[in-house]
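Take a look at the structure set out below.
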Amino acid sequence: MTESNSNYVVGVDLGGTKILAGVYDANQNCLGSVKKSTKADRGPKEVVKRIARCIMDAVDECDLKLSQIKGIGIGAPGSVDPDQGIVLFAPNLKWKDFPLAEQLKKRLKVDVFLENDCNVCALGAYHGELKGEPESMVGIFLGTGIGGGLIFNRELHRGFNKTAGEIGHMVIDMHGPICGCGKNGCFEAIAGRASIYRHLHAEVQKGRETVLTTMLGKDLKGMKSGSLKKAMKRRDPLVSETILRAAEATGIAVASLINVINPEVVLLGGGVIEALERDMMPTIIQNAERYAMPGSIEGIQIIASSLGDDAGIYGSAVLAQMMLGCFTAGRTSSGD
Ligand SMILES: [Zn+2]
């Protein structure tokens, strides 16, 4: 009993703007969490210090000591090498080949396990919301950009080069707008928040009117998913048509994924879905049904995640427990 009670882990969600750290017990209960800004412009060494401080504060909040923490899981944006614990390329942190796990371990003297942020979100939603029950799941996360995570045979699918799940860069319209990756018409370039912003901004510059300009000014500076939600509530025509277009693109992406992978569950999450679930989900499902091959979509659940911001820290905690061999929840406890 005392042995399993000491299986505390910390799950960390490292983002371009904020760091979130949560302490979890052996049964995946969150005991407390702390948020800090990333301050990526100060460079990776400084960011590591901030992550370490965020973890220590979260541990202290829970009246625990760092020596009681068995491991730390961390989800980082961009491409990562989970085996080496290296962030290979993270454009929004401006990192290249940075040994994050090693640097953090040096500071905290606790084992650190690294994974891509969308993979840990998928892991978090799969075990936290779906209790590890479906055999397969595709997670799609719509935020500033769009990421994904794949669960095959109840496990995270990383692929040959460990880069699987780049759902945001599935090309949906080969003549579509240019994407951050340099190609045209990626799903992310049509339905990510950054592209929604770009589209709205361009339309406003052309003279179109929207309530967003009264809320945020002509430059739409500081536009968040919440601003879009407010504009939708006020039935703003420009925002409505832009969100509808994003939802249609998402439905097409879901249909393609269903055609190729045929997962038991398609789970949608991220800030955009969290804020606009009611506005987007019906159109997403409608288009998924329209574009999926006959018979391929029957019985597949297309659902919105309810974990919100917690998916990342929860999934990172699950990752740490799995790597340490002390993950016990989900299917194993409910299955037999
Ligand atoms: Zn792209």
Of the residues in the stretch 28-69, those that are surrounded by 18 or more Cβ atoms within 10 Å (Cβ to Cβ) and farther than 20 Å from residue 17 by Cα come to 28, 59, 62, 64, 69
Of (1) farther than 19 Å from residue 166 by Cβ; (2) in contact with a strand residue (DSSP E or B) (Cβ under 7 Å, 6 or more places away or on another chain), residue 121 fails just (1)
If we ask which residues in the stretch 124-173 are under 25 Å from residue 249 (Cβ atoms), in a strand (DSSP E or B) and among the aliphatic types (A, V, I, L, M), their number turns out to be 8
Among (1) away from the ligand (no atom under 16 Å from the Cβ); (2) over 22 Å from residue 100 (Cβ atoms); (3) part of a helix (DSSP H, G or I), residue 190 falls short only on (1)
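Here's the yes/no breakdown for (1) part of a loop (DSSP other than H, G, I, E, B); (2) in contact (Cβ under 8 Å) with a residue 12 or more places away in the chain; (3) out of contact with any Cys (no Cβ under 7 Å at 6 or more places or on another chain); (4) near the ligand (Cβ under 9 Å from one of its atoms):
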{"position": "175", "(1), (2), (3), (4)": "yes, no, yes, no"}
{"position": "181", "(1), (2), (3), (4)": "yes, yes, yes, yes"}
{"position": "196", "(1), (2), (3), (4)": "no, yes, yes, no"}
{"position": "201", "(1), (2), (3), (4)": "no, yes, yes, no"}
{"position": "207", "(1), (2), (3), (4)": "yes, no, yes, no"}
{"position": "212", "(1), (2), (3), (4)": "no, yes, yes, no"}
{"position": "215", "(1), (2), (3), (4)": "no, yes, yes, no"}
Notebook entry, point to check: In this structure, is residue 146 within 11 Å of the ligand (Cβ to nearest atom), touching a residue at least 60 places away in the same chain (Cβ under 8 Å) and within 17 Å of the chain's Cα centre (by Cα)?
Noted result: yes
Only one of (1) within 19 Å of residue 172 (Cα to Cα); (2) touching a strand residue (DSSP E or B) at 6+ places or on another chain (Cβ under 9 Å); (3) surrounded by fewer than 24 Cβ atoms within 10 Å (Cβ to Cβ) does not apply to residue 254, and that is (3)
Checking 82, 91, 99 in turn, the sole residue that is closer than 22 Å to residue 146 by Cβ and surrounded by 16 or more Cβ atoms within 10 Å (Cβ to Cβ) turns out to be 82
Yes or no: the stretch 118-126 includes at least one residue that is away from the ligand (no atom under 14 Å from the Cβ), closer than 23 Å to residue 9 by Cβ and more than 19 Å from the chain's Cα centre (by Cα). no
Selection from the stretch 102-123 of residues in contact (Cβ under 8 Å) with a residue 40 or more places away in the chain, assigned to a helix (DSSP H, G or I) and of a type outside the set (Asp, Glu) yields 103, 104, 107, 108, 118, 119, 120, 121, 122, 123
### Message
Just to be sure before I move on: is residue 90 away from the ligand (no atom under 16 Å from the Cβ) and touching a strand residue (DSSP E or B) at 6+ places or on another chain (Cβ under 8 Å) in the structure I sent?
### Response
no
Taking the stretch 153-173 and keeping only residues that are among the small types (Gly, Ala, Ser) and either free of Cβ contacts under 8 Å to residues at least 24 places away in the same chain or more than 10 Å from the ligand (Cβ to nearest atom) (or both), one is left with 159, 164, 165
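Read the figures in this text as sums done on the coordinates, not as results from a lab. Everything numeric in this text was worked out from a predicted model, so none of it was measured. Every residue, glycine among them, receives a Cβ derived from its backbone with ideal geometry; neighbour counts consider all protein chains shown.
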